[in-house]
Each structure stands twice: as C-alpha cells, then as structure tokens.
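Student: Below is one structure. I have some questions about it.
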Amino acid sequence: MTSLKPVRIRAPGRIVLFGEHSDYIGLDVIPSAITLSITIEVSPREDKVVEVEYLDLDEHDEFRVGQKLSYRHKRDYLRSAFNIMRRKGCTPIRGADLRVRGEMPIAAGLSSSSALSVAAVMAAAYLSDHKMDLRDTALTAFDAEVTEFGESGGMQDHFASVYGGIIHLDFGEDCKVTRLAATMDGIVIGDSLEKKADTVSDIEAIKSTVVEEYAAISEHIGDFNHRTTPINQVYELFKGRPSSGRRVAEATLRNRDLTASALELLISRDPNPSLLGKLLDEHHSILRDGLDRSTSKIESMIAAAKAAGALGCKINGSGGGGTMIAYAPGREQEVADAMRKSGGVPYLTSIGQGASIEPI
C-alpha cells in the first residue's frame, strides 16, 4: 500500500478588493487571499473509513471512501468534495482521520465555505495520491460548493484561496487569472456580528434581477454588452425612469468600470495608498447605495474606522451583515480598537499565500 504521511492542508479565506458581486454575472473581480484560513489535518488510516471532527462546531462525521456519499444536509461541502473527486476517477487508497478547524468567523463574508471546499478537495486528492494543478483545484472546489448543490455563486473565492496573493480574474476569457504585483499592508477586518440569514439567497436575488435588467436594456440597445457598453448609454436610455432593478443593474456596470481603474493601480508593486483608499470608499458607496448591501452597524464601524485613520473601507462579501474591511497602513491597531468600541470584532490580517499542504 502506498505510504501516506500525516499532513496539514491550509486553505485561506479571502477578501474582495474590487468587483464585489461581479464574478457570478461574468464581470471582472480583484480578490485577495488573507492569512486567516481553514485547516484540515489529515492522518491516514489503514482502512477505508474517513472520520471527520469539526473542532469549532463540535460535530462528527464518518463515511467510507470509494462509494457515492449521501448528504447529511444541503451544502455538505466535505462530503461533496469526495463525491466530485470520485466522479473524476480519484478514489482514496486509504481512509483518514480529518480534523477541521478555522481561524475566521463563519458565514461572515470571508469565504470560509469556499476555503473548506478547497481544503477538502486537496484532502481527497492527497488520499488518492493524485496531483492537481492550481486551476483544476479551484474549479473542482467550485463544483463541490456551488455546482453540486445548484447554487448561484461564482468561482472567485475558490481561485483566490488556491492561488493566493492579489489576483485579477477576467471572466470574459474563461476565467483568466493574473497575479497582481501590488502589496497592501494595513488590512483590518471587522466582523459586525450580524449573521446573515442566507448568503446564497442574496446572490440569487441580485443575479436574477441583473439578468432581467440586462435583457430589458438589450431590447433598446441592440448591441448591448455588459462587459463593454459604456455606462453613459444606459444612463441616457433610462434617464428619469428609475427603478430598483435598474439601479442594481447600473451598480454592476459602475463596479465594472471601478474595477478597471483599480486594476491599473494594482499592477504596480507600490500603489498610491491614498488613491487606493479612495477607490475602496467608492466601491463601498456602490455596494451600499446601488445594491443595498450595508447595514447601520457596519456604517457605524466604517465611520469609526475612518475617524481612527483608515484610508478606505468597504463591506466585504455578500453584505447585509457579516464583515467589512478597512485599509489602514500604519494605523491598524487604532482602527481595530475603534471597530471594537463600535461593537464589532476586529481581525488584523494581511495578504496571504495560496492553499498549501505540508507534513505534520
């Protein structure tokens, strides 16, 4: 039997710098991995049984490899990863004891579920003695989290977790990945402690609204392309006839143009901090006013962070609760203290490396 040693698999969470709510409608996005992560300790066994301990949730699971696994509940991501890998012809040669733990809040916009899916795919591949490249790992993790359960999410989270650093994802070219040179010190994440009822439903609602509005726009602009049509044409078309759906669609186009501006800035290793902060603030205003993604508590946390020296702040993730991020180089602790006084829980973090596997 092939010798497999105990390993620790680490998959980082992510923040979205620019292009929030853009990946699942085919627009570009700029996410970044962070140092907060999900880890799975894999201890191979001599039999074909996998025992899973979710240490943060005090939950246990057990199954045998090499067979189709039923799901204990919707979004059973670890079992899903093993099912997807089995369909790809990757069957573990041994079982294992898996110990899962996380360093980030769950369901707070940091993509803990995507990080878990990435780590689970890597665990299944390791136990199958199967080598995967970065792209295949990201796409397989996307299938395990999104496709398998018929969800509406995008794949930026999985690419961000697998590749690490700051990346640009071009969803007009079969998800082209470009690593960006920029460095960003001074990132503080603030958890509002406002738990969202259902992140997936938020995404589904925004996506369906945007698809309908794009179709309506196409009836008036025959060559409308949501990736290239100037936003001024859309403004002129519906001037004086606002609607909530149109506001959402226009917000996605504003996001598109802002992301393009941010990309020009982030290809430099040392982007201008003040300009970067200004763009983050602008992105937040689009998410807040165009997509209704912020909350009064998050606005209070942002105001406190700005007063403490943050150069820019934005909601992070699907919004409606969860986390926000502050860009505060040199003022990290002051901003963290201000967030805490506003009722949030701060996390000092930085740009992180991609998913990894190492011996224990």
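The values are calculated or read from the model by the stated rules, or taken from the named source; none is laboratory data. Only a predicted model underlies this, so the values are computations on that prediction, with no experimental measurement involved. Every residue, glycine as well, gets a Cβ built from its backbone with ideal geometry; the counts of neighbours run over all protein chains shown.
Student: N255 fails exactly one of the following numbered conditions: (1) touching an Asp or Glu at 6+ places or on another chain (Cβ under 8 Å); (2) of a type outside the set (G, A, S); (3) farther than 20 Å from G19 by Cα. What is the number of that condition?
Tutor: It is condition (3) that N255 fails.
Student: Also: Given the residues E264, E219, which is the only one that is surrounded by fewer than 18 Cβ atoms within 10 Å (Cβ to Cβ), modelled with pLDDT of 95 or more and not in a strand (DSSP E or B)? Before you say what the answer is, go through the steps one by one.
Tutor: Numbers: E219 fails: modelled with pLDDT of 95 or more.
Just a single option satisfies the conditions, and that option is E264.
Student: From the set of residues in the range 282-338 that are in a loop (DSSP other than H, G, I, E, B) and aliphatic (A, V, I, L, M), which is farthest from S22 (Cα to Cα)? Working first, answer last.
Tutor: Step one: filter the range 282-338 for residues in a loop (DSSP other than H, G, I, E, B), giving 290-295, 308-311, 317-322, 328-331.
With the extra rule that they be aliphatic (A, V, I, L, M), the set shrinks to 291, 308, 310-311, 328.
Values: L291: 12, A308: 30, A310: 25, L311: 24, A328: 25 Å.
Per the criteria, the residue is A308.
Student: Let me ask something else. Would a scan of the range 8-28 turn up a residue that is free of Cβ contacts under 8 Å to residues at least 12 places away in the same chain, of a type in the set (S, T, N, Q) and assigned to a loop (DSSP other than H, G, I, E, B)? Talk me through it step by step, then tell me what you get.
Tutor: Our first condition is that a residue be free of Cβ contacts under 8 Å to residues at least 12 places away in the same chain; within the range 8-28, this holds for none.
No, the range 8-28 contains no residue that is free of Cβ contacts under 8 Å to residues at least 12 places away in the same chain, of a type in the set (S, T, N, Q) and assigned to a loop (DSSP other than H, G, I, E, B).
Student: Next up: Taking the residues in the range 67-93 that are surrounded by fewer than 20 Cβ atoms within 10 Å (Cβ to Cβ) and among the charged types (D, E, K, R) as candidates, determine which candidate is nearest to T147 (Cα to Cα).
Tutor: R75
Student: Another question, then. Before we move on, is S356 in contact (Cβ under 8 Å) with a residue 12 or more places away in the chain and more than 12 Å from G190 (Cα to Cα)? Give the derivation first.
Tutor: Details: in contact (Cβ under 8 Å) with a residue 12 or more places away in the chain: yes; more than 12 Å from G190 (Cα to Cα): yes.
Considered against the rule, which asks whether it is in contact (Cβ under 8 Å) with a residue 12 or more places away in the chain and more than 12 Å from G190 (Cα to Cα), S356 comes out as yes.
Student: In addition: Considering only the range 104-195, give the strands (runs of 3 or more DSSP E) lying wholly within it that have at least 2 residues that are buried (at least 24 other Cβ atoms within 10 Å of the Cβ), out of contact with any Lys or Arg (no Cβ under 8 Å at 6 or more places or on another chain) and β-branched (V, I, T). Break it down stepwise before answering.
Tutor: On the way: elements: 167-170, 176-179, 187-191.
The strands (runs of 3 or more DSSP E) meeting that bar are 187-191.
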